[in-house]
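Here's the structure, in structure tokens; my notes come after.
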Amino acid sequence: MLLPMSKVQIVGFKERLEATLRVIQRLGTLQVQDVTEHGQGPMVPRLALDAKAKAQRDEINLLAARLESFANVLVPSIAPTSLPRYYAAATRKNTEELIAEANHLIDALGPKSQELVLRRDGLEAEQTSLIRYQATLRKVLPLAANIPRLAGYEILALLIERRSSAVLESVRQKLGELVGDNFDVNVRHIDEQTTAAIFVFPKERSAEVNALFGQQSISPLRLPQELAGTSLTDTLAAMERRLSEIPEAIKSVEVELRQLGESWWFSVRLLQAEMRDRVAQMEVVGMVGGTRYAFVLVGWMPQRNVEDLKKALAQRVGPEVLVNEFRVSREEMKQAPVALANPPVVRPFEFLVALTALPRYGALDPTPLMAFFMPLFFGLILADIAYGLVLLLLATLTLRYCRKRLYRSLAQIMLLCGFWSILFGIIFGEFLGTLGHRLFHLEPLWMERSGATVKPLFLFAVALGAAHVLLGFMLGIWQALRVKGRKELSERLGKFIALIAVFWLAAVLAGTLPRDLTTPGIVALIIGIVLLSIPMGWLGGILAPLETLGIVSNVLSYLRLAAIGLSSFYLAEVANELYGVATNVAVGTIIACLLHALNLAIGIVSATIASLRLHYVEFFPKFFESGGVSFRPFKETEV
Amino acid sequence: MDINTGLLAIGAALAVGLAALATGWAQGRIGSAGAGALTEKPELFGSILIMLALPETLVILGFAVAAMIILLLGAGG
């Protein structure tokens with residue numbers, strides 16, 4: 001059902017606006033409307049933030065961004081899921097207190113957290129580079145063992161692909177031209193792919209030699225500065241020592257960060273939430289109207305919450321803040337935002353309705369009907385005890401272990417679908433197709449979905465469709481009567497009568513009804529077509545019969561309930577037959593299980609799509625009035 | 001199986017097969033356009049799902065014709 005809404009006006013002294021907004025935001029039940037869009041009473045201009053408030057808003061935004069960078073590196077001191085509870089219970093500060101608190105936190109936390117993060121990043125970077133050096137040095141070591149790091153000389157080591165090693169000879173020649181005999185080069189093929197080379201040359205020619213390597217597209221390995229002056233063996237040992245120390249050092253930084261988190265994380269997160277909410281309050285001021293001394297706030301809220309708002313404002317802001325409920329015309333009521341409020345078992349289906357559009361305010365909410373028919377259609381298509389049990393198991397596991405709202409909603413829908421699948425499975429006597437019959441003589445309560453007995457199944461699907469579509473028309477007629485829409489009433493009544501007449505005549509043709517009843521059927525059909533043609537004007541004579549055919553095709557569309565179900569049944573049978581054909585029991589079992597799993601997956605998808613489509617395309621257009629705008633109350637952000 | 005039964009079976013197969021081809025062609029075109037639209041506006045998911053499901057009526061009506069051929073004419077033959 002749709003929650004009844006009220007349009008309210010809140011008036012008070014300007015200096016109480018901040019406190020008023022704080023209370024409204026905390027309650028989270030009012031959607032603020034731009035005061036200039038409100039059509040009733042004298043026009044009040046919008047309030048604008050003064051220079052001081054704008055400066056405070058900018059400062060809060062800046063401080064929030066700085067706090068965010070610190071908070072991200074802190075380890076949570078409590079379970080993040082319990083934060084909303086604490087935030088709801090905490091008292092709110094005024095803007096000055098908020099800014100002072102943020103500055104205090106940044107001063108207390110900033111330098112220490114930055115220092116720790118820099119230290120940790122530095123250690124991690126050092127670890128990465130040392131591991132890289134180590135791998136290369138190990139390859140070069142056999143070549144350069146015990147080469148001393150001579151003062152005034154630089155050592156460059158490099159590894160290149162063996163097939164490119166000819167370039168080293170050209171480098172040696174050019175190095176000779178550059179520094180004369182004052183250098184040494186040692187080259188060795190380390191393995192089948194790699195050649196190592198060590199170059200020793202005067203340090204003062206370093207820039208020119210490096211330029212030479214650059215020209216040849218060679219990147220030599222550079223050792224860390226702190227290891228200069230030692231032999232490569234000593235360098236390697238020093239690296240290993242350092243590498244064994246680094247994890248401990250990182251761990252100690254993490255411990256310090258954890259301690260810092262225990263002291264500050266909680267305060268930082270709460271303060272961030274409060275800052276976000278304060279900025280939101282400041283943004284809302286732009287929608288509030290104001291005179292020299294007073295503010296005027298207009299908005300929509302659920303009727304049932306109006307008294308709570310009045311009480312809260314009187315207690316927390318003062319009795320001089322007035323809350324008035326407007327008398328709203330029927331036309332204006334159509335603009336009211338829409339909030340759906342259904343029982344828990346129906347609520348998961350609300351998002352399926354909203355996938356197309358929300359109902360207009362005052363119109364009928366189709367969610368409860370969808371909550372009944374959608375799982376029923378799904379069950380009629382899948383109709384297998386084993387598949388239904390698997391669905392129940394999957395849904396239960398999701399509800400047990402998953403916290404995400406969307407997945408929980410889907411699981412609740414799946415639970416109902418599973419239930420109906422089991423029920424129709426019992427009616428048709430299906431457990432993994434006919435396996436139940438073969439294994440434990442499972443007999444259908446009504447009929448099997450195979451062979452010659454499919455005709456009643458088709459008739460049942462069409463009858464169910466006719467009932468569903470007629471129910472849609474009845475709701476549409478009721479809706480038209482409620483809003484006194486004559487055209488809609490004539491059209492929906494015409495379709496309703498025409499559809500009954502068509503099936504009446506079909507029953508006469510099939511011999512189910514006596515031939516004497518042909519004339520009343522034809523008369524009813526003509527009355528239906530005439531009623532349907534009235535709102536269509538002069539084209540009605542041509543369009544109304546075509547529309548009637550359209551309604552019949554709407555009903556025939558429900559044949560998919562039987563058709564898709566049959567394909568699912570036959571695929572299950574193929575799985576069972578393949579088990580029988582396989583020579584090896586294990587192979588047969590695996591093939592059968594895989595095919596049944598595939599059938600279940602296809603069944604879930606196609607049954608969901610088909611049942612949804614029957615609602616969206618066949619059922620909703622008979623009565624559903626879309627165009628509702630979702631109710632978005634001004635409330636605190638979720639922490 | 002006499003020739004009449006065979007012809008009935010071919011007729012039923014054509015009814016559902018050609019309708020399925022038409023549905024597939026229509027859904028292919030709607031699907032590709034819908035996928036493009038969804039990348040720009042994910043909120044259109046519901047509307048695109050409806051549009052994608054619309055041509056399915058063709059194959060269901062084809063199926064209805066095939067079922068009638070087999071159940072009514074087949075039984076009569």
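Restricted to segment A:153-164, and to residues there that are in a helix (DSSP H, G or I) and not hydroxyl-bearing (S, T, Y), the residue that is nearest to A:A135 (Cα to Cα) is A:R162.
Kindly indicate whether any position in segment B:20-41 is acidic (D, E) and over 21 Å from the mean Cα position of the chain (by Cα).
Taking segment B:20-41 first, the residues acidic (D, E) are B:40.
From the residues that got through so far, the ones that are over 21 Å from the mean Cα position of the chain (by Cα) too are B:40.
So far as segment B:20-41 goes, yes, one or more of its residues are acidic (D, E) and over 21 Å from the mean Cα position of the chain (by Cα).
Please find, within segment A:590-619, the residue that is surrounded by the fewest Cβ atoms within 10 Å (Cβ to Cβ) out of those that are aliphatic (A, V, I, L, M) and within 14 Å of chain B (Cβ to nearest Cβ). Per the criteria, the residue is A:V605. Return a yes/no flag: does segment A:576-589 have any residue that is more than 14 Å from chain B (Cβ to nearest Cβ), assigned to a helix (DSSP H, G or I), surrounded by 15 or more Cβ atoms within 10 Å (Cβ to Cβ) and touching a residue at least 24 places away in the same chain (Cβ under 8 Å). Checked segment A:576-589: at least one residue is more than 14 Å from chain B (Cβ to nearest Cβ), assigned to a helix (DSSP H, G or I), surrounded by 15 or more Cβ atoms within 10 Å (Cβ to Cβ) and touching a residue at least 24 places away in the same chain (Cβ under 8 Å). A:T398 meets each of the listed conditions (1) without any contact (Cβ under 8 Å) to a residue 40 or more places away in the chain; (2) in contact with a strand residue (DSSP E or B) (Cβ under 9 Å, 6 or more places away or on another chain); (3) among the hydroxyl-bearing types (S, T, Y) apart from (2).
Going by what's in this entry, would A:E618 be described as among the acidic types (D, E) and at pLDDT 90 or above? The answer is yes for A:E618. For segment A:358-371, the count of residues that are under 30 Å from A:L612 (Cα atoms), touching a Gly at 6+ places or on another chain (Cβ under 6 Å), surrounded by fewer than 21 Cβ atoms within 10 Å (Cβ to Cβ) and not aromatic (F, W, Y) is at least one.
Checking the structure you have, find out if any residue of segment A:316-335 is touching a Leu at 6+ places or on another chain (Cβ under 7 Å), more than 21 Å from A:V44 (Cβ to Cβ) and of a type in the set (A, V, I, L, M, F, W, C). Before the answer, list the steps.
Initial filter on segment A:316-335 (touching a Leu at 6+ places or on another chain (Cβ under 7 Å)): A:321, A:323.
Filter again for more than 21 Å from A:V44 (Cβ to Cβ), leaving none.
Scanning segment A:316-335 turns up no residue that is touching a Leu at 6+ places or on another chain (Cβ under 7 Å), more than 21 Å from A:V44 (Cβ to Cβ) and of a type in the set (A, V, I, L, M, F, W, C).
Taking segment A:113-137 as the range and being of a type in the set (S, T, Y) and over 14 Å from A:V268 (Cβ atoms) as the test, the residues that pass are A:T128, A:S129, A:Y133, A:T136. Can you tell me which residue in segment A:222-245 is modelled with the highest pLDDT, limited to those that are among the hydroxyl-bearing types (S, T, Y) and either assigned to a helix (DSSP H, G or I) or in contact with a Phe, Trp or Tyr (Cβ under 6 Å, 6 or more places away or on another chain) (or both)? The residue in question is A:S244.
Hey, among A:R162, A:R132, which residue is surrounded by 12 or more Cβ atoms within 10 Å (Cβ to Cβ), modelled with pLDDT under 80, under 60 Å from the mean Cα position of the chain (by Cα) and of a type in the set (K, R)? Let's see the steps before the verdict.
On the way: A:R132 fails: surrounded by 12 or more Cβ atoms within 10 Å (Cβ to Cβ).
One residue alone meets the criteria, A:R162.
Considering only residues of segment A:257-299 that are polar (S, T, N, Q) and over 15 Å from A:A71 (Cα atoms), which is surrounded by the fewest Cβ atoms within 10 Å (Cβ to Cβ)? If you could, list the steps in order and put the result at the bottom.
From segment A:257-299, those polar (S, T, N, Q) are A:259, A:263, A:267, A:272, A:281, A:291; that's our starting set.
The next check asks that each one be over 15 Å from A:A71 (Cα atoms); those that pass are A:281, A:291.
Details: A:Q281: 20, A:T291: 13.
Filtering segment A:257-299 for residues that are polar (S, T, N, Q) and over 15 Å from A:A71 (Cα atoms), the one surrounded by the fewest Cβ atoms within 10 Å (Cβ to Cβ) comes out as A:T291.
Taking first residues from segment A:18-35 that are among the hydroxyl-bearing types (S, T, Y) and partners that are buried (at least 21 other Cβ atoms within 10 Å of the Cβ) and part of a loop (DSSP other than H, G, I, E, B), the Cβ contacts under 8 Å between residues at least 6 apart in sequence or on separate chains come to A:T20/A:V317; A:T20/A:V321.
Only helices (runs of 4 or more DSSP H) whose full extent lies in chain B are considered here, and the ones with at least 2 residues that are at pLDDT 90 or above are B:3-40. The single residue among A:N61, A:N72 that is modelled with pLDDT of 85 or more, under 30 Å from A:S113 (Cα atoms) and not acidic (D, E) turns out to be A:N61. Any residue at all in segment A:246-263 that's small (G, A, S), over 34 Å from the mean Cα position of the chain (by Cα) and assigned to a helix (DSSP H, G or I)? Yes. The residue that is surrounded by the fewest Cβ atoms within 10 Å (Cβ to Cβ), counting only those in segment A:454-468 that are within 11 Å of another protein chain (Cβ to nearest Cβ) and within 38 Å of the chain's Cα centre (by Cα), is A:V462.
In segment B:4-29, the residues that are of a type in the set (A, V, I, L, M) form Cβ pairs under 9 Å with partners that are not in a helix (DSSP H, G or I), at six or more places apart or across chains, as follows: B:L8/B:G77; B:A9/B:M1; B:A22/B:P55; B:A26/B:L54; B:A26/B:P55. Taking the criterion of being within 14 Å of chain B (Cβ to nearest Cβ) and either of a type in the set (V, I, T) or in a helix (DSSP H, G or I) (or both), would at least one residue in segment A:268-290 satisfy it? Scanning segment A:268-290 turns up no residue that is within 14 Å of chain B (Cβ to nearest Cβ) and either of a type in the set (V, I, T) or in a helix (DSSP H, G or I) (or both). Listed by first and then second residue, the pairs with beta-carbon distance under 7 Å, at least 6 apart or on different chains, first residue in segment A:96-112 and farther than 13 Å from A:W264 by Cα, second basic (K, R), are A:L98/A:R278.
Looking for something aromatic (F, W, Y) and either away from chain B (no Cβ under 14 Å) or part of a helix (DSSP H, G or I) (or both) - is there at least one such residue anywhere in segment A:545-566? Explain how you work it out, then say what you get.
Here is the first cut: in segment A:545-566, the ones aromatic (F, W, Y) are A:558.
Now drop any that are not either away from chain B (no Cβ under 14 Å) or part of a helix (DSSP H, G or I) (or both), which leaves none.
No, every residue in segment A:545-566 fails to be aromatic (F, W, Y) and either away from chain B (no Cβ under 14 Å) or part of a helix (DSSP H, G or I) (or both).
The condition of being closer than 29 Å to B:S47 by Cβ, surrounded by 15 or more Cβ atoms within 10 Å (Cβ to Cβ) and under 36 Å from the mean Cα position of the chain (by Cα) holds for A:A562.
Please find, among A:S557, A:S553, the residue that is surrounded by fewer than 18 Cβ atoms within 10 Å (Cβ to Cβ) and closer than 25 Å to A:V454 by Cα. Don't jump to the end; show me each part of the working.
Numbers: A:S557 fails: surrounded by fewer than 18 Cβ atoms within 10 Å (Cβ to Cβ).
Being surrounded by fewer than 18 Cβ atoms within 10 Å (Cβ to Cβ) and closer than 25 Å to A:V454 by Cα holds for just one of A:S557, A:S553, which is A:S553.
One line per residue, one yes/no per condition, for (1) more than 13 Å from chain A (Cβ to nearest Cβ); (2) surrounded by 18 or more Cβ atoms within 10 Å (Cβ to Cβ); (3) without any contact (Cβ under 8 Å) to a residue 12 or more places away in the chain; (4) within 21 Å of the chain's Cα centre (by Cα):
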{"site": "B:F45", "(1), (2), (3), (4)": "no, no, yes, no"}
{"site": "B:L54", "(1), (2), (3), (4)": "no, no, no, yes"}
{"site": "B:V59", "(1), (2), (3), (4)": "no, yes, no, yes"}
{"site": "B:L71", "(1), (2), (3), (4)": "no, no, yes, yes"}
{"site": "B:G74", "(1), (2), (3), (4)": "no, no, no, no"}
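The residues on offer are A:Y558, A:Y579, and the sole one that is closer than 23 Å to B:A64 by Cβ and among the aromatic types (F, W, Y) is A:Y558. For segment A:165-185, the set of residues classified as among the charged types (D, E, K, R) and either in a helix (DSSP H, G or I) or in contact (Cβ under 8 Å) with a residue 12 or more places away in the chain (or both) consists of A:E169, A:R172, A:K174, A:E177, A:D184, listed by residue number. All told, A:K334 meets the bar of being over 24 Å from the mean Cα position of the chain (by Cα) and among the basic types (K, R). A:A371: free of Cβ contacts under 8 Å to residues at least 24 places away in the same chain, more than 21 Å from A:F631 (Cα to Cα) and either assigned to a helix (DSSP H, G or I) or under 28 Å from the mean Cα position of the chain (by Cα) (or both), yes or no? Considered against the rule, which asks whether it is free of Cβ contacts under 8 Å to residues at least 24 places away in the same chain, more than 21 Å from A:F631 (Cα to Cα) and either assigned to a helix (DSSP H, G or I) or under 28 Å from the mean Cα position of the chain (by Cα) (or both), A:A371 comes out as no.
The values are calculated or read from the model by the stated rules, or taken from the named source; none is laboratory data. Owing to the predicted nature of the structure, the values given are computational and were not obtained by experimental measurement. Cβ atoms come from the backbone with ideal geometry, glycine included; neighbour counts cover every protein chain shown.
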